[in-house]
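In what follows, a single structure is set out as structure tokens and then discussed.
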Amino acid sequence: MQKTPLFDEHKGLGAKIVDFKGWALPLQFAGILKEHLQTRAEASLFDCSHMGEYRIRGQKAIESYGKQIISDVSKIPLGRGRYGAILNEQGGIIDDLITFRMAGDELYVVTNAGPLDSVTARICADNAGAEHVSYETGKIDVQGPRSRELVLEAGFEEAQTLKFFNATWTTWEGHAVLLSRTGFTGELGYELFMENDLTPKLWDVFLEMDAIEAAGLGARDTLRTEVGYALSGQDFDETVTPLEAGMASFIAWDTDFVGKEALEKRRDTDGHPVQVGIITRSKRKPQQDFEVKHHGTAVGIVTSGTYGPSVEHGVGLARVPRALSEPGTQFTAGPKDLEIEVAEIPFYKKGTCRIKI
Amino acid sequence: MYPEELKYTQEHEWIRGEDGTCTIGITAYATEQLGDVTYVELPETGVKLAKGAEAGAVESVKAASDIYAPVGGEVVEVNTALDDQPELVNESPYADGWFFKLKDVDPAELSSFMDAAAYAHYVEEQSQ
């Protein structure tokens, strides 16, 4: 397994370590429930150094990159990020990603660990201005309603004015750090990208603060499911198009990108399924790969499911026919016919991520 | 490490046998593997379960597994406190976190299970 620059820190904190896409990462520290509730109440610190990062520099490189993703790169304003995806020729999702415009002639792209090699092949092939920087980049996420004051306390003044889905280059102890106001929890939060060696130093600075605790992949998963965020490799993969993964509104149909033709065909032939949020009316949880049945007939599949510690019932995502995607639609799922129903996303409605400053 | 007075199954359940009734729960090892328990489904009282029959389920934020009746018997009591406080399974697996009680248990069935030392050895092998 590959180790992140924070591996020794996790060991020191007594984390339960698991293999996630070939990386040794903490599943939990104090326990998933505690870490989840801590994130919603104050703030948590996540090691996301396993994720993928790319720097795209120069107009030609940006144009070439733009043909690889479903977003219209030319329309991303300076300092803003845009959610998107990179597709195969069949329109299937190789990975989802965020593209930040850091300067007129510079982008910063954040992707996931699982499909890293395929993504690198696509982003960096025949593009001299595209640089893959994942292996020299550490990443810390500070997430929770108190994250702004903590990031300020650590010395990042830019947090004072940084808006949701914006990013800026800054420095910390003389080293370059990219600070973005993004995350995967539904809470006010920041992601900090920096060189590997700097990562443990900044991690320790945050951990010494009172209002923040380390959190692992387990809490990251319950937090993101409770707000209905899809996870690459789980809720979608190369066999699923953006139309079926809740990404339809992120497709820039008036630009050219790999997979567009297949996607148009998919769009124009009726009957592709869609992603919906699902809940239970009890503490029972839907589980990944549960077959979804409507009046006894198999119609879909649960792609994510967990108990939602903040909403106190089961939550998840499923792929079902469009005709059965209205909130309130009832299904049964799994071998014991668990009762589930379609519900609006986010399930947890008090998230602070969009809070105005 | 595991209470001496209990018997243990390969499915990581414990059995406390007294006067023809048996109390069933899951071991500390099982709760560590599951993580924070969020839901426990228990059998109805009065139901007769055969040895090995499915008796319920236990769910945590990251896992789910079925509960089996390690011995045959009639369900005389279930731990209703787990409805509101599933965390008792983690906090107190051998006392407050018990699952259900069976009566009319054949004492001979109990002799086939592991004692604490054998179970500790079994767990060690499992985790390697």
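The values are calculated or read from the model by the stated rules, or taken from the named source; none is laboratory data. Note that this is a predicted model, so its numbers are computed, not measured. Glycine also receives a Cβ, built like all others from the backbone with ideal geometry; neighbour counts cover every protein chain displayed. These area figures cover heavy atoms from the full protein model, side chains too; ligands, DNA and RNA do not enter into them. Shrake-Rupley method; radii C 1.70, N 1.55, O 1.52, S 1.80 Å.
Here the stretch A:194-282 is described by how far its Cα atoms reach on the three principal axes: 55, 42, 20 Å, from widest to narrowest.
For the stretch A:129-176, the Kirkwood estimate of hydrodynamic radius, built from reciprocal distances between every pair of different alpha carbons, is 12.6 Å.
Think of the protein assembly as shown as a dipole: +1 on every Lys or Arg Cβ, -1 on every Asp or Glu Cβ, centred on the Cα centre; then among B:Leu49, A:Leu87, A:Leu25, A:Leu87 lies furthest on the positive end. About its Cα centre, the protein assembly as shown has a charge dipole of approximately 1760 debye under the convention of +1 per Lys or Arg Cβ and -1 per Asp or Glu Cβ, with nothing else charged. Given +1 at the Cβ of Lys and Arg, -1 at the Cβ of Asp and Glu and no other charges, the dipole of the stretch A:1-270 around its Cα centre is 300 debye to the nearest 20. For chain B, the Kirkwood estimate of hydrodynamic radius, built from reciprocal distances between every pair of different alpha carbons, is 14.5 Å.
The stretch A:52-166 has equivalent-ellipsoid semi-axes of 26, 16, 13 Å, by the square roots of 5 times the alpha carbon gyration tensor eigenvalues, sorted largest first. Buried accessible surface for the B/A chain pair comes to about 1300 Å², total over both chains, computed with a 1.4 Å probe. Give the distance, in whole Å, between the Cα centre of the stretch A:80-135 and the Cα centre of the stretch A:183-209. Taking the Cα centre of the stretch A:183-209 as reference, the centre of the stretch A:80-135 is 22 Å away.
What the phi angles of the stretch B:84-93 give under the Karplus curve with 6.51, -1.76 and 1.60, with θ = phi - 60°, is a coupling list of 9, 10, x, 5, 4, 4, 6, 6, 8, x Hz, glycine and proline written as x. Pair-distance distribution P(r) for the stretch A:263-357, from all Cα-Cα distances in 5 Å bins starting at 0: 3, 14, 24, 22, 15, 10, 7, 4, 1, 0 percent. Annotation: amide H of B:Gly56 within the under-5 Å range of B:Ile67, sequence separation 5 or more or interchain, hydrogens built in the peptide plane. Taking other residues whose beta carbon is less than 11 angstrom from the beta carbon of A:Leu25, and scoring Lys, Arg as +1 and Asp, Glu as -1, yields +2. Beta bridges from DSSP with both residues in chain A: antiparallel share about 90 percent, rounded to the nearest 5. The share of Cα pairs per 20 Å bin across chain A, counted from zero up to the longest distance, runs 30, 60, 11, 0 percent. Tell me, what is the percent relative contact order of the stretch A:262-329, built from C-alpha pairs under 8 Å that lie six or more residues apart? Here the relative contact order equals 36 percent. Close amide H contacts of A:Ala343 (hydrogens built in the peptide plane, cut-off under 5 Å, sequence separation of 5 or more or a different chain): A:Gly277, A:Ile278, A:Ile279, A:Gly328. Whats the longest run of chain A with zero trypsin sites (Lys or Arg not before Pro) that are DSSP loop and have at most 14 other Cβ atoms within 10 Å? In chain A, the maximal stretch lacking such sites is A:164-280. Answer with one residue from A:Val258, A:Pro242, A:Val142: the one whose Cα lies farthest towards the positive end of the charge dipole of the protein assembly as shown, charges on Cβ with Lys, Arg +1 and Asp, Glu -1. After comparing all options, I get A:Val258.
Between the residues B:Tyr39, B:Met1, B:Ile24, the greatest Cα displacement towards the positive end of the dipole of chain B, with unit charges on the Cβ of Lys, Arg, Asp and Glu, is found for B:Ile24. Of the GluC sites (Glu not before Pro) found in the stretch A:96-203, those that fall in a DSSP loop while having at most 15 other beta-carbon atoms within 10 Å are A:Glu173.
A crude spin-label estimate for the pair A:Gln90 and A:Asp117, with each label 7 Å from Cα along the Cβ direction, gives 1.9 nm. Considering only A:Gly52, A:Gly233, A:Gly271, the Gaussian network model of chain A with Cα springs below 10 Å gives its largest mean-square fluctuation to A:Gly271. Considering only A:Thr120, A:Thr241, A:Thr185, the mean-square fluctuation computed in a Gaussian network model of chain A, springs between alpha carbons under 10 angstrom, is largest for A:Thr120.
With springs connecting C-alpha atoms under 10 Å apart, model chain A as a Gaussian network and identify which of A:Asp235, A:Asp254, A:Asp95 has the largest mean-square fluctuation. With Cα springs under 10 Å in chain A, the top fluctuation among A:Asp235, A:Asp254, A:Asp95 is at A:Asp254.
In this structure, the amide hydrogen of B:Tyr39, modeled 1.01 Å from its nitrogen in the peptide plane, lies closer than 5 angstrom to those of B:Glu59, counting only residues at least 5 positions away or on a different chain.
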